[in-house]
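To start, the structure under review is shown below, and the notes come after it.
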Amino acid sequence: MTLHSRPTATPTLPRPDCANRAWARAAIAQLQGDARRSADTHLVKPVFPGLRGIDVYLKDESTHPTGSLKHRLARSLVLYGICNGFIGPQTTLVEASSGSTAVSEAYFARLLGLPFVAVMPRSTSRQKVAEIERFGGRCHFVDRACDVYGAAEAIATQTGGHYLDQFTYAERATDWRGNNNIAESIFTQMEQELHPIPDWVVMSAGTGGTSATLGRYIRYRNLCTQLCVVDVENSAFYDCYQSGDRCITKPTGSRIEGIGRPRVEPSFLPSVVDHMIRLPDAASIAAARVLSDMIFRRVGASTGTNFLGLCCIAAEMMQQGRAGSLVTIICDSGTRYSDTYFDDDWLAAQGLDIAPHADGLHRFLETGEWRLPFGPAGLT
Ligand SMILES: *Cc1c(COP(=O)(O)O)cnc(C)c1O
């Protein structure tokens, strides 16, 4: 045997899986291309005469190609799945969702030529279901919000697919240090403003992923901005924040699509949250309508929650005679909810009376006097 002759025995090291690697490389290029072709989302600055000394900024995530902040998350979750070796050229993608994430994931599944199944509560808006199906996704409905997780896992097992599991992976699939994540984008867009470091950033929680990214980024960049998370009725997050108990459950399900969860989701990180407020659902919906009137286009109910949370903080800052800037997020457009939050018959059927909240908020934004039927500390 010469030095250079090849061994005839079967090699112990596997050959490189070139076909799969080539697929992954092409798939990653598709995902990067989607990001490269997209402009940054707007940071809009509406003026409210009552909010003296307080500059309000709204990061408008409704203008992504799939209509919500979940465009960023879906891209990250699919990339995470490919780079971890969970997603290959034949993988069925499965997700548990209240709708927005599934719309965005259906878009990326189609981009990569992969089958997609969304598991959603039956109450999910008709428009979101239509959008998922338009992207070639299949919708599977469950009766109770707390049943989405088990059903999604079962479908992933049956199909040999991959459960994207936004509620677990949102916080880690997003690059929290930067890479133009939502936090880096907001703070960069704020740089030349009168109060470039916001006093507070206000955000609701669905997966908790966005608040995790914001809170981590604030610490990483050593900013003195504080993070307020706003919760809704029938959600486990607020009670978890107050008590530290991650086992709390609220099986009824949230009426505000996209936020408020029946369990404390793994992606919710209370350690980076400085303050929490819980608001009545009727007030969130009223705020979505009032804000829609003021910026001349419809926003979804979770944006109402965010905006009303921001108003609570603005009220306290004004009371203390403080000036500064506040930022929150337009999560999606209200056009998805024309037969729910923007339909008076639907509100009546739900037993929701938004009028006192809407009137009070209008007065607050015009005069700065807090006239809502609950204090700026929210429901306690
Ligand atoms: C997901 C979602 C949220 C909450 O964002 P998270 O990062 O998941 O906490 C708010 N509004 C809408 C419409 C959403 O889809």
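The values are calculated or read from the model by the stated rules, or taken from the named source; none is laboratory data. What you see is a predicted model; the values in this text were computed from it and never measured. Cβ placement follows ideal geometry from the backbone for every residue including glycine, while neighbour counts extend to all protein chains displayed.
Values computed for the structure shown
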| quantity | calculated |
| --- | --- |
| Conditions (1) away from the ligand (no atom under 16 Å from the Cβ); (2) under 17 Å from the mean Cα position of the chain (by Cα); (3) among the aromatic types (Phe, Trp, Tyr); number of the one not met by Trp200 | (2) |
| Boolean, Ala315 is out of contact with any His (no Cβ under 7 Å at 6 or more places or on another chain), assigned to a helix (DSSP H, G or I) and surrounded by fewer than 24 Cβ atoms within 10 Å (Cβ to Cβ) | yes |
| Any pair with Cβ under 6 angstrom, 6 or more apart, that starts in region 267-288 at a residue that is under 26 Å from Trp176 (Cβ atoms) and ends at one that is in a loop (DSSP other than H, G, I, E, B) and among the β-branched types (Val, Ile, Thr) | Ser267/Thr207 |
| Pair list, Cβ under 8 Å, 6 or more apart: region 18-45 residue over 26 Å from Pro196 (Cβ atoms), other residue basic (Lys, Arg) and surrounded by 12 or more Cβ atoms within 10 Å (Cβ to Cβ) | Leu31/Arg75; Asp34/Arg75 |
| Selection status of Ile329, among the aliphatic types (A, V, I, L, M), more than 27 Å from Thr210 (Cα to Cα), buried (at least 23 other Cβ atoms within 10 Å of the Cβ) and at pLDDT 95 or above | no |
| Candidate set from region 249-269 (those that are of a type outside the set (A, V, I, L, M) and under 21 Å from Asp339 (Cβ atoms)); member that is farthest from the ligand (Cβ to nearest atom) | Gly253 |
| Any hit, region 219-234, residues being among the aromatic types (Phe, Trp, Tyr) and outside any loop (DSSP other than H, G, I, E, B) | yes |
| From the options Asp165, Asp175, Asp231, residue that is under 16 Å from Leu93 (Cβ atoms) and within 16 Å of the ligand (Cβ to nearest atom) | Asp165 |
| Hey, Asn222 under 15 Å from the mean Cα position of the chain (by Cα) and either buried (at least 20 other Cβ atoms within 10 Å of the Cβ) or at pLDDT 95 or above (or both) or not | no |
| Enumerated helices (runs of 4 or more DSSP H) restricted to region 54-159, each holding at least 2 residues that are without any contact (Cβ under 8 Å) to a residue 40 or more places away in the chain and touching a strand residue (DSSP E or B) at 6+ places or on another chain (Cβ under 7 Å) | 100-112, 126-134 |
